[in-house]
Structures are given as C-alpha cells and as structure tokens.
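The values are calculated or read from the model by the stated rules, or taken from the named source; none is laboratory data. As the structure is a computational prediction, the values presented were derived from the model and not from experiment. Every residue, glycine among them, receives a Cβ derived from its backbone with ideal geometry; neighbour counts consider all protein chains shown. Heads up: the accessible areas ignore ligands, DNA and RNA and are worked out on the full protein's heavy atoms, side chains in. Shrake-Rupley method; radii C 1.70, N 1.55, O 1.52, S 1.80 Å.
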Amino acid sequence: MASQARQRRNPAAGKSEAAAAQDAVAPSGTVPAAVPEPGADEPAVPESPASTVSATTAPAPRVSEDQLRQYYKDMLLVRRFEERAARAYTEALIGGYCHLNLGEEAAVVGLMAALRPTDYLFTNYREHGYALQRGIDPKKVMAELYGRVDGVSKGWGGSMHMFDVTHRLLGGYGIVGGQLPLATGAALAIDYRGEDDIVMCTMGDGTAAIGAFHESLNIAALWHLPVVFVVINNHLGMGTTVEHSAAEPHLYKRGAAYRMDAAVVDGFDPEAVHVAATTAAEVARSGRPYLLEVVTERLKGHSVVDPAKYRTAQENERLKANDPVATYGARLMADGVLDELDIEALEKEIAEVVADAAAFAASSPSPSVETLFDYTYASPVPNDSRRLPGQPLFGESS
Amino acid sequence: MTIMTYRQALHDTLRNEMLRDDSVFLMGEEIGVFEGSYKITAGLLSEFGPKRVRDTPIAEEGFTGAAVGAAMLGLRPVVEIMTINFSLLALDQIVNHAAKIYGMFGGQAKVPLVIRTPGGGGQQLGATHSQNIELYYAFVPGMKVVAPSTPADAKALLLAAIRDDDPVLFLENLALYNTKGDVPDADIPAEIGRAAVTRPGRDLTLIGYSRMAHVAAEVAAQLATTEGIDIEVIDLRSLRPLDRETIVESVRKTHAAVVLEDDWLTYGIGAEIAASISDGAFDYLDAPVRRVAMAEVPMPYAKPLETAALPSRYDVITAIRQTLAAVGYRTSSQASTVSGASTVGASQ
Amino acid sequence: MPRLSDTMEEGAISTWRKHPGDTVAIGDVLVEIETDKAVMEYEAYQAGILSKILVDEGQVAQIGAAIALFDDGTGGGASAGPGGGTGIAEGTVPAEPDNSKKPSGEDNGAAHAAEGGGAGLAATGAANGTAQAAGTRRIASPLVRKLARENHLDLSDVQGTGPGGRIIRADLTGLLPSTPAPAPAQAPAPATPGAALPASTGSTTGAPAVAPAAGPAVSPSGTTIDPGDVRSSRPVPLSQVRRVIARRLSASAREIPHFYVTAEADAEELMKLRADLNARLTAADRHKISVNDLLIRAVALALRRHPEVNASYVSDESTTMLVHDRVNIGVAVAADSGLIVPVIRDADTKTVTQLGAEARELVGLAGERKLTPAQTSGGTFTISNLGMFGVADFTAIINPPEAAILAVGATTREPTVVGDEIVPRYRLRYTLSSDHRVIDGALAAQFLKTLTSLIESPWLIVA
C-alpha cells in the first residue's frame, strides 16, 4: 500500500468540508411511511462545532450516463444473483443461513461505488451483493455459497463468512456487531502506518443496539480513525422494528454522542448513496470517523427461510411497487438513459453471468476431509489436536 | 543469565520486542499514563509514545476486537486485559473472532494477537475478581494458551507468543509477578505446545501450571528433603495445545498422578488431564488420578473463607500422601511435616 | 482345560479335531493339547454336539478354564472343559479338586477362555463345587491387571492391600519375574524452563500418536525390548516345555540345598562286557545294548542297596520324608522342545535289554512329543548322560520331588595306573547331586562307591 503522510484535520478547526457539500438527495418515488421524514422536525444545527448532522433534501448532481447505466447493471446483477441463490437454497445446494440483499441493491451499489479498490470493507452476514460489488467473480461467490473449494473462502465460510484479500472484503460476520471492533482495529492499523486508505463497516439497524457499536464508535472517534460506519436501516431486525429496539430510532443521530460526523440518505437511489458515501469516505480519509445511515427496505424476509408473516399483504404490495431495481430502471428509461432493448440485453447478459456462476459452483468439488485441520493455526505447533471424533486419543490415531 | 522478577522479565521482553519490530504495539486499560495496574508496562509510554502504547477506554470488547482487526492487517498487537475476569467482556471477540478468523475464511487472514492477562485470587478481591477462567480459552480450537510459571518462561513464552501468527492468551498470575528467577539473556522463544519436566522423579507425577507449577516444585522439594519422596514435577506451560505425550510418558513411569489447578474442579483444566492420563496410561495406573482445585463457590471476601476455598500446599501434600498410600508406598519418615507457609500467593 | 500332567498348570490348544457342529461320541478325540511335557490327545467324556470353541488353536488356557461349549442334549450348553476332577488319567498324582486354580473370571492370566468360563463351567463345576459365582470381580488397579496378564498370574489368590481391598502393584512382589522392565527409551526430554533451546524433536502438526510403542515394546509374553539394545535381540517364543522347565528348575535350584559328589570308575570291564554281550545279542537277532542301559540297571541296583537315596523331601512343615519302595528311574532326554524326562518304572526289576528297549521307545516318543503322563511321572531318581557329547563330567539340577540326580560323563580311554604301570584303560566319571535335606555326604559317597563297584564288576549288573 502506498504510504502517504496524511494531514490530520484539527477537530477544533470548525466545520468540515462535508458540511459544505450538502449531500442532499430527495427520496425518489413515494417515501415509505415507516421512515420518519428526514429533517422534518429535527434541527440540522450541529451541537458542537466539530460534528455535522446533515439531513438530505436537495437533489443530487447527476453523473455521466455511462455511470448511470453501470449503476443499473450492477443493481441488476445483485438482484438476479440473489434470486438465483434463493432458488439454489430451495434445491438444497446451499445450506445453513442465506440472507439476501433483495431490495437493497441501490444501497449496496452506491456504497461500493464510493470505495477505492484499496479501501477495506467489513460487513455483516447480508453480504453477497457487497462481495459482487467489490469486484469478486460471481462464480467464486456462488461457489462459496455452495460450500465448494473454489469458493471465496474455500468453502470454509459459506454465506456469512466471505473474505477476499485482493478485493479487500474482510468478512462476512455472523455475530451481530462483531465486525465493528474489527473494522475499528483495521482503521487503527491504517492510521498506525500513516496510510490513506479507509475502512467501511456496514451493519443493520439492529446492530445499533449492541455494546460493540458504542465501544467501536467511541474508540474510532477518540483515536481519529479512518472508518465509515454505515447503518443499513431497513427498519427491521428480523421481525422487530427499529421503533421497538432503539430508544433513538433516528440512528444517524448517535454519531453526536461521539462528536462524529453523521448523515442519513435514501437507500433507494444509487446516485444519492454514492454521493453520500463519497463524502463520508473523504471525511474518514482525513482522519475522522463517520456514521452514515442508509434507509432502505428489505423486499422479502430476513433470510430465504423467513416467510415474513409479520408483514401485511398491503405492505407487500407497497414494497413491490417501490422495488428499487424496477423504479430506478423506470427512472432511467424516463430520462432516456436506457431503453427496453438495453434492458433486455442487460438482462440477458446478467442471466448468463448468473447461470455460469451456478454451473461453476455446482461443478466445483467440496473440500476434502483431509483438509479439516489445515486452518486451525497459521503457525504450526506440536501437540495440535488433529483427531477425528471416532479416533482414539492414544494408540492408532490419524 | 540474569536474576530478575517475573514482572521484570515481562517488561523487558515487551520492550525488546517493540524495539525489534515496529508492528508490535500495546493496548489496554491504564497501561500508559498509569504505567499498568500491575506495573508491567512501566516506562513504556514515555519511551515509545502514545501511538505504540495506547491507553484504551473501558471497553474490553471494543479494544480487543480492534486489536483483532489490526492484527488482520498485519500489525502485532499485545493487548493487556487487566484481569482474566474482565476477559469475559471480550469473550465474543476472542472466541468468535480472534480464534475463528483464520479458519472461517479459509486461511486468508492471520490473527497474530497476544492477550496478556493475570489470573489468581487470594487477595480478598471478591467473587468477580478472583476467578481463573483460562479454561474457556483453552477449550477453543484456533486459540493458543500459554501459562509461564517462572521468569525465564515468562520471557521465553512471551517471545513465542508475540512472534506466533495465531491468537495467544498469555496467562500471568498476580502471585507470580514478584517471584524471582534466572532468565537467559539471549532472546530465545519457547516452543508453544510443550510441557516441561522440571523435576524428574519416580514415585508420583505432580502436574501443575502457572502458580500451581510453582507450588508443585516447592512441595516436591520439601517432600524430597523431609521424607525422601521422589516426585516428578511437570509444568504444563501450554494449556492449548496440551502436551499429553509428556504427561502420559511420566505417569507410565510413576504409576500415580496428582493434578494441581487454581480453577474450579468440575470441568476444569485438570479434568482433561485426568482423562488423558486414563486414556494413555491406563495400564500403568496403580491409583486413581487426583485433582486439587479451588472449592466450587463464588469466592467470598472474608479471609478465613477465602483461605479455605483456595487450594493450599497442605491440600497438595494431603493429596500426594493419600495417593502414595493408595499405592502402598512406605516413606522413610511417616511424620507429616507440613509447612503451612507458602512462599507464593496468599493461600495458606 | 484338562489337567494332563502333575506339573501342568496351563495348556495350549494344539489342534481341534472336532469342530462346531460335529457330533461327538464318548471316546472321540476332541482336541490335541500341548502340555509342559507333550502334546496330548484329549478324548470326550460326553456324547453330544460340539457347539462352540472358546479357545482357539495356539491359545493358552488355565487348568479348569472352559475351552469349548458342548451341547449334550440336556439344553444349556455344558462345558467341554474338564471342570476339574473328572476324567483325569488314572495313576497320576491324585486329582485333587482344582482349588488352586479357581476359574476366577477375568483375572486369569489368559483372558481368552475366561469369559465363557463363567457360564460354561457352571454346569460341570457343580460337580466338584469349584465354580465361583459368575461375575465376582477382583478389584485391581489397571497396572496390576496388565502385569497379571503379561505374567499369567491368577489374581484370585492375591490379597489386595490398597484402598477398598484393591490389589496394587506392591501386592505382586514376589509373584513377578525379578527383572524389571527397562526404563522407557524415549525421545529427548522436553525443555526445562530457562533452558537455552527446547529440545525440539521436529514433530509436525500431525497426530501426536502416543502409541504403546512410545514405551518399551511389549510382546504378548511380556518381553521388554530396549530400543537401545546393543545385542540386536529378537524375541523367540518359548515353548510350553521350556517355560515349565524354567519355572521348575528355578524353583529346584533355589529351594533345594544341592551338594555334589563326583566319582570315577574303571570302565574297562564294562566295555568288554558290553562288546561281548552285543556280539551275542546280535548273533541271536536281538537288539544291542548301550552303556547307558547298563548304567540304568546299575543305578537301580545301587538304589536298592541305599534306599534312602531313593527318597523325597516333603516340606519344611512336615515331620516325615518319603522313601520310595519302587525304583522309577527318569532318563533325561534332550528333545527339540527342551529337556524331557521319561520314566522307566521298576528299573530294578528289568533286564538290561528290557531297559534298553524301553529307553529306546521312550526316547522315540519324546522326540515325537507323544509321551503320556504316565510315562513322564512317578520318577524317584534321574540319570542324565551327556557322554555322547564328549563331556568329561558335569553337575545336574535335581528334578523335584526327587532327592538326587546322577550326571554321567563320557567313557574315555585314559592313562591309568595299574600296579606300577600306566596303561590306557576306559574310565567313566559321574557326579551325584543330592538334596542335603535328606541325603548327607556320607550317604552320597556310599551310594557312589556301590555304583562304582558295580561298574567295575559289571557282571554283577547283569546278574
């Protein structure tokens, strides 16, 4: 990694750059009733000179049409891939838990677009889309879901524990909030070495309640670490709403407790998310952590096995109507960026990519039992326990 | 060779490793300005500065997890958790993350982390400050757990732990910090996963670790002098991996074993040792394996209660005598000269 | 497992002649058993069907242990083992009930037959009341069990002094062979704290197999082989015979106060007589005789003259010793499996040719391991002749319960003083080993004097 001395921003020097560039994005389409209107009755005035809590209102500046098409294509890839994963699960090719990014495509695409290739990402278990958007080959992602040796984690992680050194996806964690201290530590290492990469750490809304959330944000802010904490607020833990788990359901406001810059953005607009995340990344790169709340919706249940009975039929209708892939596609078509033929071609291309990924995964072998003990320790050590359950402790072993 | 305290050996080793390798840095509560609650890190903040000697907020999960994250990026953090009791706050980051990351991701990320923490009770610190829960970490695949009982081993095992690419729980002990011993001047790391026969013998195998290895050595020396009993003492030094070979080889020779531990008896460290002996030295046992452990109560504050709960030298000697009697051993002097005073710890 | 000789303590199954499912009639040979002396055929005392074999060929079982299950049609398989007391060959040592060898379940040295022994023996055991309650378990430490297994000890007689009556190793002192197992030769000792460099054996993260091979290699018979042995030893199985010899002669050498008296005879006349007799015998189409045949009769006559040599010490507690009326002379034979001593009964009543014939027959049977118990028991005196190997003289170990043994050397031509001249003449040396508890020096000397005079006047032997 390039080692650059970084100018440390003096926290007492007044408003940051981020305050100047208001990342105000109007939510496109109807605003879901469950989300409190950002900025409606809350003061946008920072409580101290050092932190900014911004609301999103103004429309975002547009980017190139190629970039817009890319957003759509990326969202489509995530959508179709996740659908294929759901199908594979029902075919018993994927086991365990399988949490999908259905409905969150815009957020995923927008966030990842803001990262440099050398920036690090820590995420939770709802990570397939993030893996794809970090540039990891869909074949390897699907193979990992199938638990095969060609998977991203060699079949050792599965849906929840993907990891790729080259693409800097540092997991994939099943413990809610477990990734926050890790992300903080990774940022610590970057700071320790004087490098200018940042760490992005995504999590769900439920994570804002766990102790590690508080400890990590506190340490990051205290030690001026280059980390962006992103709360993907889809309003639900599994079936528990944010209102039922958070005393302060406007999650971005928690940044103020640590004098941390924070913002909230509409997660249905990839452009808006991209801009918001870019701002956050710049702040972090200057040596100050950031808390970004991205408001989205889950299209389906918590995982593939959750039928989401806690939702009404009416709500399901509404969700379908607000499907970000459909609505963004419609918007691009309305703006003349895409036409039906383009979309058809994209669908075909994506369909092939996804089908190839599934075929690749199905043909990749499972890890051999001989490798069972290969990843217990990095440094070899005597008297390591390498015993299979049926083997006696002494006598014939292995 | 230099004679120094266990504390000094730790201090010097930390310092030398930090001088040798820029990626080694320290984190923990009160290790900098306060110079460490047990003064292990005294002087290091002023020498190395706040980047490399970091005082943390009271957030064991947060700073231990941060150490894991930093280790994933290639740094070599040495975290101090003030006492092992507080490690429970970081249990998730240690067990679910530090120990699992290498395996869970198919070997793509190492976690070269050291967690230093003392166990031990006996200073009337009460129930939540007097536990010995190293077992929780020795239980977990992916963790390494070492427990030096002498200043020399403190140095050698700490060198090994810092240079090892896996997460290592380095178990210290409050009662051992002031003990003195010879320490080699050269920086030679020990081999993790190996026990040591610190006193060869023929009549009985006495197994302990940390403070209890110290007690074992003293008791064996005493009984040799007063009664001519020839006890073989094993200092485990490493709880995970456990050196079963050394233990079993010894018991095959002596035919009797007593295990000493500061933790609670049921499901404690000694349970695994006894099971391993029964498995590997079954045909060589002339008496059941005895374990001497702490009474299974939350540690009370009142001194007589605390003393009663802790395993003492007297308890150790009693267990030894009973085991020797069970194998029909006749000592030259049947007078039980039991020294109640212990040079180590407050247990009498 | 039947007791087929008076010194037999255990037997090895040599060949099963009947197999499970076979119908057996009384008198059919069921199995061939190797005892301390010979391989014996064992005949069925019951008719029925052999239902299950409990001890396989090559395996060893204690006397009294069940070796097979037999369905005699009464339902509930009876044991084809002897149960003790029944069917022991007549004429041997009185068949006392096998109290010394109670089938004690799993504590028998040979665990093989023991498991079936409980149930199987119950049927026949009732006959002599030696059946122990099935399932009685002696409490013994694992170490004791292993030592018992390896040394074929029966723990039923051992008093346990450990907690709860547990048998501990200390209770086995005196029952074990005196040579302890050598200390395990191990890989380098683990590091001691403070040591400069731990002794790394370079072990990998492979399985830490602490196989029994980590200790001294232990063969089933308990031989320990030190890996550092500079003698390049290899274990060779001991035959039953060898093991019994080892046990019995060790006991003899240990317990009997031996003393040795050597005498010498001029054998010129003896050789002349033999040559003369053999010429006539051959002419008469009869078998020749050997020097040893003549010696057997000579010894028999000498024993008649000195009956106190034809005796047995009983025990330290006894106030009597035994003097035997019959002269049964054992002839030591070097067979492949070891020393065997067939006995010629009433040697004093048989002619030299008869003795010769019998000796020849017995030696032949010994070579084929077909000697019966009757043929190897009841001796009152033993002759051991190593003359055919050119031995000048030697001393032998008494064959208990006898009181003496004669070791005979070679007959050689040697310079002899006759009158004032030195002439070559045949001479013969022999040494009597005597049990000083019943024989004094004077008696031994007198016996030898008688023997010498017989040898030097050999017509008195045949007369």
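Some values worked out for this structure:
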| read-out | value |
| --- | --- |
| From B:123, B:93, B:108, residue being polar (S, T, N, Q) and more than 9 Å from chain A (Cβ to nearest Cβ) | B:123 |
| Strands (runs of 3 or more DSSP E) contained in segment C:313-406 and holding at least 3 residues hydrophobic (A, V, I, L, M, F, W, C) | C:333-335 |
| Qualifying helices (runs of 4 or more DSSP H) (wholly inside segment A:236-340; at least 3 residues being modelled with pLDDT of 95 or more) | A:270-285, A:324-334 |
| Every residue from segment A:96-116 that is open to solvent by 50 Å² or more (accessible area, probe 1.4 Å) and either touching a strand residue (DSSP E or B) at 6+ places or on another chain (Cβ under 8 Å) or within 21 Å of residue A:173 (Cα to Cα) (or both) | A:96, A:97 |
| Residue in segment B:56-73 that is buried (at least 20 other Cβ atoms within 10 Å of the Cβ), more than 9 Å from chain A (Cβ to nearest Cβ) and within 22 Å of residue B:7 (Cβ to Cβ) present | no |
| Filtered residues of segment B:44-55 (kept if closer than 22 Å to residue B:6 by Cβ, open to solvent by less than 30 Å² (accessible area, probe 1.4 Å) and more than 25 Å from the chain's Cα centre (by Cα)) | none |
| Near pairs, Cβ below 6 angstrom, 6+ apart or cross-chain, from segment A:217-244 (within 16 Å of residue A:99 (Cβ to Cβ)) to any residue that is of a type in the set (Phe, Trp, Tyr) and modelled with pLDDT under 95 | A:239/A:310 |
| Matching residues, segment B:74-88, being within 14 Å of chain A (Cβ to nearest Cβ), within 17 Å of residue B:30 (Cα to Cα) and surrounded by fewer than 23 Cβ atoms within 10 Å (Cβ to Cβ) | B:86 |
| Of all residues in segment C:148-170 being within 9 Å of chain B (Cβ to nearest Cβ) and open to solvent by less than 30 Å² (accessible area, probe 1.4 Å), the one that is modelled with the highest pLDDT | C:168 |
| Candidate set: segment A:364-393, residues that are among the hydrophobic types (A, V, I, L, M, F, W, C) and either open to solvent by less than 30 Å² (accessible area, probe 1.4 Å) or touching a Ser or Thr at 6+ places or on another chain (Cβ under 9 Å) (or both); chosen: the one farthest from the other protein chains (Cβ to nearest Cβ) | A:388 |
| Number of the exception - residue A:236 against (1) away from chain B (no Cβ under 14 Å); (2) over 15 Å from residue A:180 (Cβ atoms); (3) more than 15 Å from the chain's Cα centre (by Cα); (4) open to solvent by 30 Å² or more (accessible area, probe 1.4 Å) | (4) |
| Any pair with Cβ under 6 angstrom, 6 or more apart, that starts in segment A:198-211 at a residue that is in contact (Cβ under 8 Å) with a residue 40 or more places away in the chain and ends at one that is charged (D, E, K, R) and open to solvent by less than 10 Å² (accessible area, probe 1.4 Å) | A:198/A:119 |
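A quick yes/no check of all residues on (1) more than 7 Å from chain B (Cβ to nearest Cβ); (2) farther than 26 Å from residue A:142 by Cα; (3) touching a helix residue (DSSP H, G or I) at 6+ places or on another chain (Cβ under 9 Å):
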| residue | (1), (2), (3) |
| --- | --- |
| A:176 | yes, no, yes |
| A:188 | no, yes, yes |
| A:213 | yes, yes, yes |
| A:224 | yes, yes, yes |
| A:228 | yes, yes, yes |
